[in-house]
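Asker: For reference, the structure I am asking about is given below.
Every read-out reported here was derived from the displayed coordinates using simple, explicitly stated rules and does not represent laboratory data. On a predicted model such as this, the values are computed, not experimentally measured, just so you know. A quick note on method: Cβ atoms are made from the backbone with ideal geometry, for glycine too, and the neighbour counts reach across all protein chains shown.
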Amino acid sequence: MTAQSVRSVPEKRPGVRGERAPAPARRRRRLGPGKRIPYGRVLGPVLILAVWSAASVTGVLDPRLVSPPWTVFDEAWQLTRGQGELQSDFLISARRALTGLGIGVAAGTALAVAAGLSRVGDAVVDGAMQVKRAIPALALIPLMILWLGIGEEMKIVTIALFVLVPVYINTYAALVGIDSRYVELAEVVGLSRWQFLRKIVIPGALPGWFTGLRLGVTGSWLALIVVEQINATSGIGYMMFQAQEYGQTDVILVGLLVYGLFGFVTDAVVRLIERRALSWRQTLGS
């Protein structure tokens with residue numbers, strides 16, 4: 001083929017008739033969970049309420065065994081009026097749960113720091129905590145009654161023991177899971193002990209600590225339900241126990257709703273604080 005013939009060959013340009021268009025770029029498939037749904041965590045409780053209402057209307061649920069939601073809400077309204085029994089019992093229960101939660105979180109965090117940052121602490125503390133982990137906190141209630149009586153001290157200490165283990169386990173796991181290369185880097189750049197704790201240890205341990213805190217919040221309310229039915233004279237658990245004696249299903253369900261609602265709210269508050277404190281992390285839940 002001569003140079004003249006080469007020049008006579010028309011140049012192929014996009015858009016010319018009879019010429020294949022370039023294949024469109026293949027859209028990349030998203031593997032993550034997608035965008036966050038506003039108020040998405042409320043959908044679960046709303047769905048439960050809808051199913052409960054539908055089962056009550058259709059007669060699937062016997063109202064003598066499980067009261068309809070509107071009856072429960074009306075009973076809750078009646079308990080808030082008059083002498084305000086529901087508010088009084090709720091404040092007493094909340095004080096017990098939050099006091100035990102605070103003591104358990106403080107103790108669990110302190111023990112985890114002692115075991116996670118020191119070989120001596122690890123040898124002394126972790127073995128004992130693993131033994132405590134294997135012993136259900138409810139099994140200690142008879143001893144708590146013998147040692148502390150049946151008053152408020154026994155209830156708060158039992159709640160604290162429920163909270164202690166999950167906070168310790170998760171915080172300790174986060175501490176010992178910090179990459180040793182960060183420790184070597186801190187030694188190379190000459191960080192002080194306080195700088196090492198502030199810049200490496202605390203950011204590395206916070207995710208595990210928040211996980212333990214969320215489990216501890218749940219544990220505090222589980223323990224509260226138990227201890228408030230042991231010779232209590234006030235609180236949501238006492239209200240439910242009295243309702244059981246008289247077969248008041250609606251009052252029992254009011255107590256369960258209060259427990260569930262406060263647990264849901266406290267968990268949401270912890271999640272919000274966690275999201276703000278760990279805003280530097282990029283995770284699937286972000």
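Asker: Once the piece of chain linking THR218 and ILE202 is laid out straight, how much longer is it, given 0.36 nm per residue of separation minus the C-alpha distance between them? Intermediate results must be reported in sequence, preceding the final value.
Answerer: Working: separation 16, 0.36 × 16 = 5.76 nm, distance 2.37 nm.
Between THR218 and ILE202, full extension yields an extra 3.4 nm.
Asker: Going highest first, how would you order 128-139, 262-273, 202-213 by mean Cβ packing within 10 Å? Before the final figure, lay out the partial values.
Answerer: Details: 128-139: 12.6, 262-273: 14.3, 202-213: 20.2.
In descending order of packing, they fall as 202-213, 262-273, 128-139.
Asker: Calculate the spin-label point distance for VAL269 paired with PHE241, positioning each point 7 Å from the Cα along the beta-carbon direction, and give it in nanometres.
Answerer: Spacing of the two 7 Å Cα→Cβ label points: 2.6 nm.
Asker: ³J(HN,Hα) across segment 164-170 via Karplus (A = 6.51, B = -1.76, C = 1.60, θ = phi - 60°), whole Hz, x for Gly/Pro?
Answerer: Those phi angles translate into 4, 5, x, 5, 5, 4, 6 Hz.
Asker: Let me ask something else. Given a Förster radius of 35 Å and the C-beta distance between GLN130 and VAL46 as r, what FRET efficiency does 1/(1 + (r/R0)^6) yield to the nearest 0.05? It would help to have the intermediate numbers written out before the result.
Answerer: Working: r = 41 Å, r/R0 = 1.16.
Efficiency, rounded to the nearest 0.05: 0.30.
Asker: I need the calculated FRET efficiency for the pair LEU138 and GLN248, taking r as the beta carbon distance and R₀ as 25 Å, to the nearest 0.05. Don't skip to the answer; put the middle values down first.
Answerer: Working: r = 26 Å, r/R0 = 1.04.
Calculated transfer efficiency: 0.45.
Asker: What number does segment 84-277 give for Rg over Rh if you use C-alpha atoms and the Kirkwood radius? Please report the intermediate quantities before stating the final value.
Answerer: Numbers: Rg = 19.6 Å, Rh = 18.2 Å.
Radius of gyration relative to Kirkwood radius: 1.07.
Asker: While we're looking at this one, here's another question. For segment 136-150, take each phi angle, set θ = phi - 60°, evaluate the Karplus expression 6.51 cos²θ - 1.76 cosθ + 1.60, and give the result in whole Hz per residue in order, putting x for glycine and proline.
Answerer: Per residue, the Karplus-derived 3J(HN,Hα) values read x, 4, 5, 5, 8, 4, x, 5, 4, 5, 5, 7, 10, x, 10 Hz.
Asker: Summing Lys, Arg as +1 and Asp, Glu as -1, what charge do residues with Cβ under 14 Å from the Cβ of ARG214 carry, ARG214 excluded? Please report the intermediate quantities before stating the final value.
Answerer: Values: positive: ARG41, ARG271, ARG275; negative: ASP267, GLU274.
Value of the local net charge: +1.
Asker: So what's the gap between the Cα centers of segment 110-181 and segment 39-108, to the nearest angstrom?
Answerer: 30
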